[in-house]
Amino acid sequence: MSPIAAGRSLNPEVERSVDAYLANADRLLRDRIIGFYLVGSTALDAWVIDRSDIDFVAVVDHTLSRAELRRLRAVWLIAGFRPGIHGVTRALWAFPGTMNGIFVSENDLTRPVSQIAPIASHCGPKFSVARAFDLNPVQWKTFRDHGVAIRGPEPSALGLDPEPHTLRQWTLDNLNTYWASWARRACTGRDLSWTLQPRWRTAWGVQGTSRMHATISTGEIISKATACEYAIETFDERWHPIIDEAHRYWRGDPEKVARFDDRRRRMARTGEFALDVIANANEHAEHPLGPST
């Protein structure tokens, strides 16, 4: 573990997972990874055991061959085995602790984020070549401002360009596409994906939309845990029970409001909250606070 990462007092579970991942990657890719940075909840000092994934950006010295991409896929499979077994045996199903990463070339690192061509990425059960959703202004701002260097120079020395002028619009577009569609499905009460881990899905919807609202309103990136606090302070009291339920799940507390035992009511209330957040975010976007940095 690098001195920089050690200075951030990483959770021992994160250290163990990162060390194991890099050991396998170095063995199978013959030390092609020259930079490795933690982003996401770990970088925001908000990583929670049995809740959070481990997000990273890996820098390679040049593009990977087809054979190396196959070996990288093997690294991903090995890394996902333990979180998968852990998630099933504990009935978590969201498989927390999964290593989710983006691989980029050293030569592309200083390009504007929208112009970087990803080599590969993996997120949960999906491995992709030449595609990476997290190669976006939100993740790149988190990388530049908060990233934890495990291998390589500090992020502030990398010359990263998260294209701050696009941050709010990218976030609003994501709310109006993915999240609006997700919320409308939840409102129908007929989304079968809610059969497993309904509390996790409530937290996903409440925290996800609230975080993006905060970015549009303030230009900053906040964690999922902080998103619940932000939502309580920002949105009408009628939403406080569903926000509190999301926060209680994230903290590992039992459900408090009995009416959320009804899965359809839970789904509908979560979806209604998300749609209200999206509508409010669109109003904020009409009156921007100024350029993000």
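The values are calculated or read from the model by the stated rules, or taken from the named source; none is laboratory data. Small disclaimer: the values here were computed from a predicted structure and weren't measured. Cβ coordinates were reconstructed from backbone atoms using ideal geometry, including for glycine residues, and neighbour counts include every protein chain displayed.
Just need a number here: residues in segment 140-161 that are assigned to a loop (DSSP other than H, G, I, E, B) and among the acidic types (Asp, Glu).
Adding up the residues that qualify gives 1.
Output the qualifying pairs, or none if there are none: Cβ atoms under 7 angstrom, residues six or more apart or on different chains, first residue in segment 154-175 and in the same structural domain as ASP276 (by TED's automatic domain parsing) and within 9 Å of ASN136 (Cβ to Cβ), second residue modelled with pLDDT under 95 and in a helix (DSSP H, G or I).
The qualifying pairs do not exist here.
Would you confirm, using the coordinates I've provided, whether THR166 is closer than 30 Å to SER114 by Cα, surrounded by fewer than 19 Cβ atoms within 10 Å (Cβ to Cβ), among the β-branched types (Val, Ile, Thr) and over 17 Å from the mean Cα position of the chain (by Cα)?
The answer is yes for THR166.
Residue-wise test of (1) closer than 21 Å to LEU160 by Cα; (2) at pLDDT below 95; (3) assigned by TED's automatic domain parsing to the domain that holds LEU135; (4) not basic (Lys, Arg).
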| residue | (1), (2), (3), (4) |
| --- | --- |
| GLY7 | no, yes, yes, yes |
| GLY35 | yes, no, yes, yes |
| VAL39 | yes, no, yes, yes |
| ARG51 | no, yes, yes, no |
